[in-house]
1. Order by neighbour count: SER61, SER363, fewest other Cβ atoms within 10 Å first, most last.
2. Report the Cα centroid-to-centroid distance between the range 123-155 and the range 346-366 in angstrom, as an integer.
3. Please give the residues of the range 179-202, grouped as numeric ranges, whose backbone N is less than 18 Å from a label point set 7 Å along the Cα-to-Cβ vector of GLU217.
4. Find how much the distance from ASP82 to ALA318 grows on full extension, using 0.36 nm per residue of separation minus their present alpha carbon separation; answer in nm with one decimal.
5. Set the bar at 32 Å for Cα to Cα. Now go through LYS220/LYS285; LYS83/LYS344; LYS130/LYS334; LYS83/LYS290 and name every pair that lies beyond it.
6. Please give, to one decimal in nm, the separation of the simple spin-label points placed at ASP339 and ARG129, each 7 Å out from Cα toward the Cβ.
7. For a Förster distance of 41 Å, can you work out the FRET efficiency between the beta-carbons of PHE71 and ASP266, rounded to the nearest 0.05?
8. At a 10 Å Cβ-Cβ cut-off, how would you order TYR58, TYR95, TYR145, fewest neighbours first?
Amino acid sequence: MAIREEDIGQMNAALKNRLLCLGIRAPEDVKTGRKAGAGPAGGKYLEVGESIVNAPIYGFSENSPISLDFFDGNYCLSENEDKCAAELIQEPSFYSEKTSDGILMKRIALQHGKHCLATTVCQKCLYWRKGNECHFCGIELSLKYDTTIPLKTPDQLTEVALRAWEERLTHCTLTTGTSSLDDRGARVLAESSRALKDNTRMEIHVQLEPVDRERIEFLKQSGADTIGIHVESLDQSVFEEKCPGKAHQWTRYWDAWKDAVEVFGDNQVSSYVIIGMGEDEETTKEGIEKMCEQGVIPFLVPLRPINGTKMENAAPPAPEVMLDYYSHAIGCMKVYGIDPQKNKAGCVRCGACSALGDFYEESHAL
Ligand code: SF4
């Protein structure tokens, strides 16, 4: 399916799904974004109509049937003869400014999508020390490429967030490497969250491994509005193989999600579910339904192989595969009354890495 007449001027969910799975061929001067990091790195943020996409531009994307072209003074997505207007989201001006302790602000936090400020508070993960990091994750590559610093202080984050707010960034994703087996990074997230809550008007999303209820409550009390406890794969064998460091956490997700929903409330708990790592379809779909039943938003994303990671040569799933999972998830979300549009902050609200929210919205417009 090529870009269609009706896609022009608007991002429909099907087009976004294809962009996320296939990527785009982008001109060299556009390829300036981060190539590594936590989360789906190696992309460029585009705005098409009302929707934002974090479109892959490296590696496998070089074979994409869709290209980003400069045409008549504007960017557009092209596929064969079809074209669709797209806007490149420009870097915010605070990137070139420094914090009062002299650190370039873009080394502290980045703009994700259009309105989300995102940072990896602690860029080090102990699983990397042991060589059993998650196979898809590039968190420490950012340190290797010297694009960030190992630990961001609450003061630095506050300073950047106040500048980012002036550029209409209104919510914040705080993620972390697993800095200790004791608290899984909860303490540094809570300190950052507290500082942002006390000093800015940003809504805050925190992400970490399963932790006990006390720590989940601690994060909520620190000012976090939403939480992501990421299972990555709902197929146990895939989880254990691709996330060897945290494989021992498998049985803790369901309790942690239950506690988190009780503490954070409806529609405020989510988990990345990466599709394309060899997971069993039936098991994954059962898991998605169970998550929805428990009140957890299954934030489905296609695998994004990042250069330098153990999965750099893997291929993302076909758009048709993702479409099937999205449809299943939307059906489950409707049955169990989950509404991603009510999520206050972070990845679900940003939505640039998944077409879940777009398909959900379209299904309600029918
Ligand atoms: S969904 Fe948005 S905030 Fe989350 S990793 Fe993707 S771009 Fe960043």
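1. Numbers: SER61 24, SER363 15.
Ascending Cβ contact count within 10 Å gives the list SER363, SER61.
2. Cα centroid to Cα centroid, the span is 29 Å.
3. 183, 186-187, 190-191
4. 82.9 nm
5. The answer is LYS83/LYS344; LYS130/LYS334; LYS83/LYS290.
6. Here the modelled spin labels are 4.5 nm apart.
7. Once the sixth-power term is evaluated, E becomes 0.40.
8. If I rank by nearby Cβ atoms, fewest first, I get TYR145, TYR95, TYR58.
Values in this text are rule-based calculations from the coordinates and carry no lab data. Because the structure is predicted, anything quoted here is derived from the model rather than measured. Note that we place each Cβ from the backbone using ideal geometry, even for glycine, and neighbour counts take in every protein chain shown.
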